[in-house]
1. For the range 3-246, what's the relative contact order in percent, using C-alpha pairs closer than 8 Å and at least 6 residues apart?
2. What is the order of 16, 8, 74, fewest Cβ neighbours within 10 Å to most?
3. On C-alpha positions alone, give me the angle between the axis of helix 15-27 and the longest principal axis of the chain, in degrees, nearest 10.
4. Calculate, in nm to one decimal, what residue 120 and residue 50 gain on full extension: separation in residues at 0.36 nm each, minus their alpha carbon distance.
5. Over the alpha-carbon set of the range 3-246, divide Rg by the Kirkwood Rh and report the Rg/Rh ratio to two decimals.
6. Among DSSP beta bridges lying fully in the chain, give the percent that are antiparallel, nearest 5.
7. What's the angle, to the nearest 10 degrees (0 to 90), between helix 158-173's Cα axis and the longest principal axis of the chain?
8. Would you mind listing how long the range 135-249 runs along its three principal axes, going by Cα atoms, in whole Å with the largest first?
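Values in this text are rule-based calculations from the coordinates and carry no lab data. Quick caveat, the model's predicted, so the values are computed rather than measured. We place every Cβ from the backbone using ideal geometry, glycine too, and count neighbours over all the protein chains shown.
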Ligand SMILES: Nc1ncnc2c1ncn2[C@@H]1O[C@H](COP(=O)(O)OP(=O)(O)OP(=O)(O)O)[C@@H](O)[C@H]1O
Ligand SMILES: [Mg+2]
């Protein structure tokens, strides 16, 4: 059984950045399936990987050409093999991009098909890391499956924290199965330190603080790919420490 780690939180708090460093950590030890579940996806850019196609466009394309399915092949099998071909492959990491559902209508069918496909795929990986879009959409659409470890990422301010609390409460209300929840208060400034007391009780099992990183500021300013970020950089060391303490292995 693979172990699923999810990332959620308000927009721009650092979900994708931290997810990409967690993926890098895990990939050194075991195969990882990195799922980019944000329609404005950039997890691939941060990992330096490209998925050839998205799950949503594969499903839409097959649905639009349903009369021309090859004989003897089920829709599910076809989706499965095309999704497999679409993966962006890296060292110890495969990238799966969900894509953007377009137009009105019910996505229950694609969602359930998608869950089935991921259910089959996941057997080949020890870890699945899901980078979600900002906000609560993914929770309320119930596209999340069982999450063993949920990271809630927040800025060091009341808005981000309130947002993390709302997401966690909604997940509990909708009975999304969450093994353990971990709040990361990210981008903490050294001149404006923040304590656990100031965070208040958002209901997460664990709280960690990650400092604002000059390396990341420079990387985003220059548009440099995160994979060039040195292992010795303070931000990488901080996230690796969080990973070690989580004891996923
Ligand atoms: N600890 C940090 N110090 C400095 N900058 C950071 C830190 N963490 C993230 N950033 C920067 O914040 C910006 C937003 O990060 P990121 O894209 O990871 O956020 P996100 O939560 O995934 O955003 P979105 O909601 O749009 O998907 C990026 O420019 C990133 O480099
Ligand atoms: Mg993101």
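1. Details: 413 pairs, mean separation 67.1, N = 244.
It comes to 28 percent, rounded to a whole number.
2. Listed from fewest to most nearby Cβ atoms, that is 74, 16, 8.
3. 80 degrees
4. 23.1 nm
5. Numbers: Rg = 18.4 Å, Rh = 18.7 Å.
Over the Cα atoms of the range 3-246, Rg/Rh equals 0.98.
6. Values: 3 of 37 bridges.
Here the share of antiparallel DSSP bridges comes out near 10 percent.
7. The two axes meet at around 40 degrees.
8. Largest first, the range 135-249 extends 40, 30, 28 Å along its Cα principal axes.
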